[in-house]
Structure formats: C-alpha cells, structure tokens
Amino acid sequence: MITLQIDQAQADFLGVDFFHADNFWKLAFRFAINLIWIFLIARLLYYPKQRKPEYLFGYFLIGSVIFIVCSLLKSVTLTTGFAVGLFAIFAILRYRTNPIPVKEMTYFFIIIGISIADSLGEKASYVELLFCDGAIFLLAFAGEYFLFKKKFARKTIIIQDIELVRPENYLKLIEALTALSGFKVEKAEIGRVDYIKKQARVRIYYNAKDVPGDFNDDGDNDD
C-alpha cells in the first residue's frame, strides 16, 4: 500500500501527470518530423527563390507553435473546428500591419496545414503522414521550379500621356512603358485615370529574372 502511494505521488504533481514516456516520445518524434518538413518547404523551396528571412523566421515559429498547441489540445473535442478556426484567423488577419503577398500567404497555409495534420493525425500511420506531407512538398516543388518557372514582377508607374490608355493604343503603350521603365514589359493594366491632370496609373508586368529587387512602397499596393 505504501509503495503504491509513493508511485502515485511520483506520477502526479498538483493533479497533473508528471511524465508519460510513451506519449512524450511520440510527441517528440512527430515534432521532429514536422520540423523536418518545415525546413524542407521553407528553407529549401521558399527561401532560395524569395530571399526574405523575416518570412522564413515566421514559418519556423508558426509551424512549431501550431504543432505544439494542437498536440496539447488534441484531447479536447475541438480537432476539426480548431483546425478550421486557425485557417480562418489567418485568412482574416493576414498580419494586417503589412499585407502579405499571395505566395508568402500560400506558404503560410502550407506550413499551418502540415503542422495541424502532423499533430492531430494520430489515427493515421506514419506512412500515411509521410505520403500526405510528401505529396504537398512535391506539389510545391513542381509549382516553384517547373509549372510556373517564368516569374513576373510587377510595378505601378504614372504616365503623363493618357492617350496611350485607349484600347487601340495598347501596343504603343507597351512600347512606351518598355522605354520608360527599362524593362521588357509583357503586360500592362490601366488603373486610375485623372483626366484633369492628364495622367494615369499603370501596372506593368515584366520578367523578374535578372532584375534587381525592390521594396513595397507605401504609395503603391504592389507585392
């Protein structure tokens, strides 16, 4: 009787189980798997193309935090609703202090999805988890390096000749924008036209290869 009481006292601390070896090693192993996939997607797929360390930092921390939170709350009957709620929160907020470009937001959802699946997918075998995570990685890899290999950058500029925004002068507009910007403009979109000041805002699209990087100016909503 005394031995049983001592064992119980060692197992519990303030009413909470102190240590479960089996659960701990399962959690540690799944966390390691999740961290490996985050590294493969964020560091090997995203970063070599975009070179934005601030997003890379966010991917690692958000993926890790979501995995830990979901793992600790998996005993509560929130699994599906909680997972959908995480996607809804990021879809609404999108870190409104600085709008996130579409590609960065897509990688955020990939990291969130993989972290949720790895933490809540206990009914799935490790082979099934490996297949699902690997499929997402391969799709992202194919899209990044093969399917959408030609990448276009965009920039918003102001032109003073509003005659060029007429539909019949589109080809002349492309030639004028190419000469003005120095980029080989592939496509142009007409924005706000001020007929009083005789100027128009035009968004140009050009091949981003071998083009120096730029920043997101507050005056434009470019990515």
(request) Assess whether Ser125 counts as being polar (S, T, N, Q), under 24 Å from Val69 (Cβ atoms) and either in contact with a strand residue (DSSP E or B) (Cβ under 8 Å, 6 or more places away or on another chain) or exposed (fewer than 15 other Cβ atoms within 10 Å of the Cβ) (or both). (result) yes
(request) Could you run through the range 12-48 and say how many residues are surrounded by 12 or more Cβ atoms within 10 Å (Cβ to Cβ) and modelled with pLDDT under 85? (result) 0
(message) Checking Glu144 against (1) in contact with a Lys or Arg (Cβ under 8 Å, 6 or more places away or on another chain); (2) over 30 Å from Ile114 (Cα atoms); (3) touching a residue at least 40 places away in the same chain (Cβ under 8 Å): exactly one of these is not met. Which one?
(response) (2)
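A quick yes/no check of all residues on (1) modelled with pLDDT under 85; (2) among the β-branched types (Val, Ile, Thr):
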| residue | (1), (2) |
| --- | --- |
| Arg154 | yes, no |
| Ile158 | no, yes |
| Asn169 | no, no |
| Ala176 | no, no |
| Ala179 | no, no |
| Glu186 | no, no |
| Lys209 | yes, no |
(request) Return yes or no: is Tyr126 within 30 Å of Ala32 (Cα to Cα), among the aromatic types (Phe, Trp, Tyr) and modelled with pLDDT under 90? (result) yes
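The values are calculated or read from the model by the stated rules, or taken from the named source; none is laboratory data. Remember, it's a predicted structure, so these values are computed and weren't measured experimentally. Quick reminder, even Gly has a Cβ in these numbers, built from the backbone with ideal geometry, and neighbours come from all protein chains shown.
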